[in-house]
Amino acid sequence: MTTPQSTVVVTGDRTTGPLHLGHFAGSLQTRLQLQDQHQQFILLADTQALADHQGDYHGVRQAVIDIALDYLAVGIDPQKSTILIQSMVPELAELSFYLMNLVTVARLERNPTVKNELRHKGQERDVAAGFLTYPISQAADITALRGTLIPVGEDQLPMIEQTNEIVRRFNRMVGKPILRECEALLSNTTRLPGLDGKGKMSRAAGNHLSLSASADEITAAVNRMYTDAQHLTVGSPGRVEGNVVFSFLDAFDPDSVKVAELKAHYQHGGLADSVVKARLNEVLQALLAPIRARRQELAKEPDAILSMLLCGSAKARQTAVLTLHKVKTAMGMYYF
Ligand code: TRP
């Protein structure tokens, strides 16, 4: 085993449902690798999720448990990675409060991720303050846990930039390097397409395949997967680009030589969609069967999941308390 280095990885999910194959191809695989090399905090962003899902406390709570089950089922090991619930580390909220004064409303409104998300919601200006300020809470998550390496999708890059702006401003204000700057780690497979081939896989778009999908659901998903609308007869040449079945084979088939052969044959003509789909079905069944089985086992003991989350949150809290102590001391906020 590699000795853990001093790099602290902080990563998080605001997702409000069980994880899907898109998460697996992106963040989950990255986190599995990182947990053997670094000290890793994985944060379940329940507080932040409420900014998106106002009042849906039950839904968010259920999502926390579902996602924790998904983590463990794919092999995130709580002995190596610290899994925490955002709301169970109150110092994160406390730090957010101080950092709020270091960011202007105009700067928040210019954050490209927030802007984009607001446009999608059709909300623009009519937005909860908690949503507008979520980049600040994210900066607090990262800095309170002293993260230096942050695995994120491309859409979250503006968050890292804004975090570093806040860090520099804070350190300048107190005249000491109290908070640390961080660096984004981009995973290259974050853009697994949806089953319909329209954009990336997402629950919101309904084009996802859950990690806990049954064998029949996997087969059904593969059958309805988008291939090449021009590929009308088996004999005619087919397109591999934009063909969801091939994108999935690229992402998940361990036998890349076989994938290359299938691609060549398909492009030449004479290879039926059904044959390529049969291969993908085989690959996905093999990938997901052990994950599903492990998840079912773990779900039988919800108390064990909750106590793991409690321990992870308590451990993360030790780091956050220490950061807050340094932050408040540097700000002159100590009275005794
Ligand atoms: N904003 C992230 C998302 O939408 C979740 C998140 C919250 C996060 N805090 C974080 C990610 C800290 C990385 C680091 O999924």
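General remarks:
- Taking the longest Cα principal axis of the chain as reference, the axis of helix 90-99 is set at about 70 degrees.
- Here the spin labels are modelled as points 7 Å beyond Cα on the Cα-Cβ line, and at Q33 and V275 they lie 3.3 nm apart.
- For the range 215-296, alpha-carbon Rg relative to the globular expectation (2.2 N^0.38 Å, N residues): 1.12
- Pair-distance profile P(r), taking every C-alpha pair of the chain, with 20 angstrom steps and integer %: 28, 53, 17, 1, 0
- Label zone (Q296, point 7 Å along Cα-to-C-beta; backbone nitrogen cut-off 13 Å) within the range 203-222: 212-217.
- Its relative contact order, with pairs defined as Cα atoms under 8 Å and 6+ residues apart, puts the chain at 23 percent.
- FRET E, pair R172, A205, Förster distance 25 Å, beta-carbon r, rounded to 0.05: 0.05
- Calculated FRET efficiency for the pair T219/D255, C-beta based, R₀ 22 Å, to 0.05: 0.65
- Relative contact order (percent, whole number), the range 215-296, Cα cutoff 8 Å, 6+ residue spacing: 35
- Least to most buried among H265, H23 (fewest other Cβ within 10 Å first): H265, H23
- Exceedance of the 25 Å cut-off in Cα-Cα distance is limited, within the set K80/K258; K200/K315; K80/K198; K198/K263, to K80/K258; K200/K315; K80/K198.
- Spacing of the two label points (7 Å from each Cα toward its C-beta) at A93 and A229, in nm: 4.9
- The chain: angle of helix 157-174 to the longest principal axis, Cα-based, in degrees nearest 10: 10
- Mean residue ellipticity (222 nm) of the chain, computed from DSSP H runs ≥ 4 via -39,500 (n - 2.57), nearest 500: -16500 deg cm²/dmol
- For the pair E241 and V127, the difference between a 0.36 nm per residue extended length and the Cα-Cα distance amounts to 37.2 nm.
- Principal-axis analysis of the Cα atoms of the chain puts helix 112-121 at an angle of about 60° to the longest axis.
We did not get these values from a lab; they are worked out from the coordinates using the rules stated. This is a predicted model, so every value here is computed, not measured. Note: ideal-geometry Cβ built from the backbone for every residue, glycine included; neighbour counts use all protein chains shown.
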